[in-house]
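Colleague: Could you have a look at this structure, given as structure tokens, before my questions?
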Amino acid sequence: MRVIVVGAGALGTMHAWHAVRRGHQVVHLEREQQARGASVRNFGLVWVGGRAEGPDLDTALRARQLWEEIGAEVPGVGFRASGSLTVLRTGAERAVAAEVAARHDAGRRGWELLDETETRKANPALRGEFLGALWSPQDAQVEPRVTQRALQDRLRDSGRYTFLGGREVREVVGERSVRDDRGELHSGDAVVLCTGAWLGGLVRELAPELPVRRVRLQMMQTESLGEELTTSVADGDSFRYYPAYAGGALDALNAAQPQHPTAAEHRMQLLMVQRADGTLTIGDTHEYDQPFGFDVVEDPYAYLAELAGSLLGRPLPRIRRRWAGVYAQCLDPALVVHRERVREGVWLVTGPGGRGMTGSPAIGEATADEMGL
């Protein structure tokens, strides 16, 4: 079978991966020379701990397993089973961690409540003041700026994979063909559209009532920390953001400990991840109301720098880069992704939200199963 995959971000590349691994030929089209959207503008986190019970958690756990297998085969993705620590600075935050660590599904996630001494032992770079942390050993990371290209290089070795960058798909022709902006027709037995946050044009023509919204975020990257950050790090605002932590203790936290005004205004949490070169990726904000601003706002960066420095017990290294990104998020919180057959033999897969890097291997696998590849 010959499969046409449109979009070379995390989702598109993983759909191509599964098709090739199942013995099919793949033509992979990307409108940029290489993906430049949210798939390369993220933390590289394989984030299991905060996922909602049900399909969300099931997908994350399956993806975590696949990422480890892929990482062993393709070292260039930079897979590291680092785990994460959600650092607890107040009694109310500690109560949330204690509540969820005692839940029936805590074992699937590997949650463990650590005291201050145990937290510092798990991550000696954390020298600030805190009470402890929620340990999530299932969490991991890859290198977002290079992962897709590393996977594509491995796919080329199969002899069944062709990557065509700088080709914007303008039209679906018939049932299983697409035409790009050079006028070239690419025909196959199936077409998978993984267009990321691009929801207009062709996507709107095929799915005019698409239940997906766009979300804008801001992040930054420092110079090298100069020491190892042995785990990914989150703060207590992650409890407010991720659905896994809902419960009485979270309600009490929200009532007793209002979110910092800057964090509340920009719908923020702190996530801090060390890249393979020692630098830190730190974020992030969430903007939902369009039209989005065309510039980045400084207040969130100042807030994140101060907060991250307080956990590290030292000033952050110099900021090397700041950026904004946009991803697509399915409006139904019960769905991991929006997957729709928009025409016979043509599938649209979009809207994973912040799960794109985490869940892409399992999402691609599920699409391949549903398509009968």
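The values are calculated or read from the model by the stated rules, or taken from the named source; none is laboratory data. Values in this document were obtained by computation on a predicted structure and should not be read as measured data. Heads up, the Cβs are rebuilt from the backbone with ideal geometry, glycines too, and the neighbour counts pull from every protein chain shown. Quick note on the areas: whole protein, heavy atoms, side chains included, nothing else; ligands and nucleic acids left out. Shrake-Rupley method; radii C 1.70, N 1.55, O 1.52, S 1.80 Å.
Colleague: Taking the Cβ of GLN259 as the centre, find all other residues whose Cβ is under 12 Å away and add up their charges (Lys, Arg: +1; Asp, Glu: -1).
Modeller: Working: positive: ARG240, ARG267; negative: GLU93, ASP235, ASP237, GLU265.
Charge balance in the 12 Å sphere: -2.
Colleague: Students sometimes get this wrong: rank ILE319, ILE70 by accessible area, probe 1.4 Å, all chains present, largest first.
Modeller: ILE319, ILE70
Colleague: Just the number, please: percent antiparallel of the DSSP beta bridges in the range 1-159, rounded to the nearest 5.
Modeller: Percent antiparallel among DSSP bridges in the range 1-159 is about 70.
Colleague: So what's the gap between the Cα centers of the range 305-346 and the range 192-218, to the nearest angstrom?
Modeller: Between the Cα centres of the range 305-346 and the range 192-218 lies a distance of 16 Å.
Colleague: Go from 0 up to the bin containing the longest alpha carbon distance in the chain, width 10 Å each, and give me the % of pairs per bin.
Modeller: 5, 24, 33, 23, 11, 3, 0
Colleague: Where does the chain land at 222 nm, in deg cm²/dmol rounded to the nearest 500, when only DSSP H runs of n ≥ 4 count, each adding -39500 (n - 2.57), divided by all residues?
Modeller: Mean residue ellipticity, 222 nm, calculated: -9000 deg cm²/dmol.
Colleague: Farthest toward the dipole's positive end in the range 279-351, which of LEU348, VAL297, LEU311, given Cβ charges of +1 (Lys, Arg) and -1 (Asp, Glu) about the Cα centre?
Modeller: LEU311
Colleague: Compute the signed sum of charges (Lys and Arg +1, Asp and Glu -1) over the other residues within less than 15 Å, Cβ to Cβ, of ALA106. Mind dumping the intermediate values first?
Modeller: Numbers: positive: ARG51, ARG103, ARG108, ARG109; negative: GLU53, GLU99, ASP105, GLU112, ASP139.
Its environment carries a net charge of -1.
Colleague: Same structure again: Using the heavy atoms of the protein chains alone and a 1.4 angstrom probe, what is the accessible area of the chain per residue in square angstrom?
Modeller: Details: 15010 Å² over 373 residues.
Value returned for the chain: 40 Å² of accessible area per residue.
Colleague: Whole-Hz ³J(HN,Hα) for each residue in the range 142-149, computed from phi via Karplus 6.51 cos²θ - 1.76 cosθ + 1.60 with θ = phi - 60°, x for glycine and proline: what do you get?
Modeller: These are the phi-based 3J(HN,Hα) values: 10, 9, x, 6, 10, 4, 4, 5 Hz.
Colleague: Using a 1.4 Å probe over the heavy atoms of the protein chains, calculate the carbon and sulfur portion of the accessible area of the chain as a whole percent.
Modeller: Ligands and nucleic acids excluded, carbon and sulfur reach 47 percent.
Colleague: Looking at the P(r) of the range 216-373, how many percent of alpha-carbon pairs lie beyond 18 Å? Walk me through the intermediate numbers first.
Modeller: Numbers: 8239 of 12403 pairs.
Percent of Cα pairs beyond 18 Å in the range 216-373: 66.
Colleague: Once you sort the root eigenvalues of the Cα gyration tensor of the range 191-295 as a ≥ b ≥ c, which label holds: rounded (a/c under 1.5), prolate (a/b larger than b/c) or oblate (the other case)?
Modeller: The shape class here is oblate.
Colleague: To continue, here is another question. Got the relative contact order for the range 1-104 handy, in percent, Cα pairs under 8 Å and 6 or more residues apart?
Modeller: 17 percent.
Colleague: Pull up all non-local amide H partners of GLU112: gap of 5 or more, or a different chain, and H-to-H distance under 5 Å with H placed in the peptide plane.
Modeller: Residues meeting the amide H criterion: TRP135.
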